[in-house]
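Engineer: Quick one: the structure is below, and I'll ask about it shortly.
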Amino acid sequence: KLYRELIKANPENVTVLNNLAWMMAENGKVKEAVTHAQKAALLAPDRPAVLDTYGVALLANNLPKAALSNLEKAHSLAPEDRSIRFHLAQACVKVGQPDKAKTHLEALLGDGKAFPELEQAKALLKQL
């Protein structure tokens, strides 16, 4: 509710749009998530976190090709961001590129460093 009020006051605030989109996606309001994420991505097309949110929202809406495009760009802008790379691997699976997904997951898991989606990444790799 707070984010919606903030958007009313400043409808082009990329951070607020992005955070609202992320919360919507996590709460199953995926169509609304895409709407806010898309607007944020149009306002900040080179911000990796925004492209990541947009990609995740698109994946949640079963639009994996569009998600892949945004997540590839996000990864190219922030190759060290492990969460973005995990989301990219998920998109690769959804578009039928399991080998590419496996390469990303093995790179993520190979050095033993922790990241929020570590357990999900392990489980996804086992499925491939």
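Engineer: Of the residues Pro64, Pro11, which single one is farther than 13 Å from His87 by Cβ and without any contact (Cβ under 8 Å) to a residue 60 or more places away in the chain? Break it down stepwise before answering.
Structural biologist: Values: Pro64 fails: farther than 13 Å from His87 by Cβ.
That would be Pro11, the only listed residue that is farther than 13 Å from His87 by Cβ and without any contact (Cβ under 8 Å) to a residue 60 or more places away in the chain.
Engineer: Can I ask one more? Which residue out of Asp52, Asp99, Asp81 is acidic (Asp, Glu), touching a residue at least 24 places away in the same chain (Cβ under 8 Å) and more than 27 Å from Pro11 (Cα to Cα)?
Structural biologist: Asp81
Engineer: Among the listed residues Ala123, Ala114, Ala49, Ala107, which satisfies the condition of being of a type in the set (A, V, I, L, M, F, W, C), open to solvent by 20 Å² or more (accessible area, probe 1.4 Å) and in a loop (DSSP other than H, G, I, E, B)?
Structural biologist: Values: Ala123 fails: in a loop (DSSP other than H, G, I, E, B); Ala49 fails: in a loop (DSSP other than H, G, I, E, B); Ala107 fails: in a loop (DSSP other than H, G, I, E, B).
After applying the criteria, what remains is Ala114.
Engineer: Then there is this: Which count do you get for residues in the stretch 17-46 that are among the aliphatic types (A, V, I, L, M), open to solvent by 60 Å² or more (accessible area, probe 1.4 Å) and at pLDDT 95 or above?
Structural biologist: Matching residues across the stretch 17-46 total 2.
Engineer: Additional query: Just need a number here: residues in the stretch 74-104 that are over 20 Å from Val50 (Cα atoms), of a type in the set (Val, Ile, Thr) and in a helix (DSSP H, G or I).
Structural biologist: Summing the residues that are over 20 Å from Val50 (Cα atoms), of a type in the set (Val, Ile, Thr) and in a helix (DSSP H, G or I) in the stretch 74-104 gives 2.
Engineer: Then there's this: The conditions are (1) within 23 Å of Val30 (Cα to Cα); (2) outside any helix (DSSP H, G or I), and Leu71 fails exactly one of them. Which is it?
Structural biologist: For Leu71, the exception is condition (2).
Engineer: Please tell me if Asn61 is modelled with pLDDT under 95 and polar (S, T, N, Q).
Structural biologist: no
The values are calculated or read from the model by the stated rules, or taken from the named source; none is laboratory data. Everything numeric in this text was worked out from a predicted model, so none of it was measured. Positions of Cβ are generated from backbone atoms using ideal geometry, with glycine treated the same way; all protein chains shown enter the neighbour counts. Note: accessible area is taken over every heavy atom of the protein model, side chains too, but ligands, DNA and RNA are not part of it. Shrake-Rupley method; radii C 1.70, N 1.55, O 1.52, S 1.80 Å.
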